[in-house]
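Here is the structure we will look at.
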Amino acid sequence: MLRYGTPVVPFLDFLETAATQALVIRLANGMFSDEDDWHMSGVEAAKKHELRAQQACLIPINRLREVDRTVRRLRTFDDVWTYSERGGLLEPLFEETLGGVVSMAEAKELASSPSSFPAITAAVRANVYLNFIMISGGVTPGKDKLDDYKHCFEASYCDAFLTADRQQETAMKLICPWVSILNWNRIVRER
């Protein structure tokens, strides 16, 4: 969409949906192929890499908290978002989130029209949210956080998101504030 004006189709077509359902049924029945095992080991390795990267980020963030009074005063996600925005940090985050395949001019365009690119914006907001956790608490986010946020990206094109996880509900409100969040437990109680 950014370069060619091609609309994003964020949902699976009929054949992709059928193939995905067949795969889920096969895996749910405990039928794993060598390719599935290879894929899962890759996913686990990526999670470990992401966690190490977060741990590495905590060191400079803690140093910054020690010397910069402004950073120590950042208490909410909105504080960290505004700090990032005013400091010109969002454009590089958009560029980094896309693996450096966009120019800085394209990253600026992405940052200036976030509603046009919900999944990319959600990924950037998730990065800022991870930084918020480290800045406000001085701790590395738990490894389950990375999985929780991937659900947010996946839901970024949806009108609503249903969850029973209170922490994920809180994160979703900050990462994808344009998506309505429905709490499963509340729905069940009201029936």
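The values are calculated or read from the model by the stated rules, or taken from the named source; none is laboratory data. These numbers come from a predicted model, not from an experiment. Cβ sites come from the backbone with ideal geometry, for glycine too, and all protein chains shown count toward neighbours. Each accessible area value is taken on the protein alone, full model and side chains, heavy atoms only, with ligands, DNA and RNA left out. Shrake-Rupley method; radii C 1.70, N 1.55, O 1.52, S 1.80 Å.
At 0.36 nm per residue, and after removing the present C-alpha to C-alpha distance, how many nm does the segment from Ala18 to Ser33 gain when stretched out fully?
Numbers: separation 15, 0.36 × 15 = 5.40 nm, distance 1.88 nm.
This chain segment gains 3.5 nm when fully extended.
Let a ≥ b ≥ c be the square roots of the eigenvalues of the Cα gyration tensor of region 1-133; is it rounded (a/c under 1.5), or, if not, prolate (a/b larger than b/c) or oblate?
On the way: a/c = 2.72, a/b = 1.51, b/c = 1.80.
Oblate, since a/c reaches 1.5 and b/c is not below a/b.
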In nm, the gap between the two label points placed 7 Å beyond Cα toward Cβ at Arg73 and Ser116 is 3.5
Additional length obtainable on full extension of the chain from Glu190 to Glu109, 0.36 nm per residue less Cα span: 24.8 nm
In region 1-110, chymotrypsin sites (Phe, Trp or Tyr not before Pro) in a DSSP loop with at most 13 other beta-carbon atoms within 10 Å: Tyr4, Phe11, Phe32
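Enter the accessible area per residue of the chain (Å², integer; probe 1.4 Å; all protein chains in place).
Details: 12370 Å² over 191 residues.
Using a 1.4 Å probe on heavy atoms only, each residue of the chain averages 65 Å².
Order Ile59, Ile135, Ile120, Ile187, most accessible first, counting only protein heavy atoms with a 1.4 angstrom probe. Walk me through the intermediate numbers first.
Working: Ile59 95, Ile135 20, Ile120 40, Ile187 65 Å².
Largest accessible area first, the list is Ile59, Ile187, Ile120, Ile135.
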Helix 14-28 against the longest principal axis of the chain: what's the angle in degrees, Cα atoms only, rounded to the nearest 10? 90
Give me the percent of the accessible area of the chain that comes from carbon and sulfur atoms, probe 1.4 Å, all protein chains in place. 57
Taking the Cα atoms only, what angle lies between the long axis of helix 166-175 and the longest principal axis of the chain, rounded to 10 degrees? 60
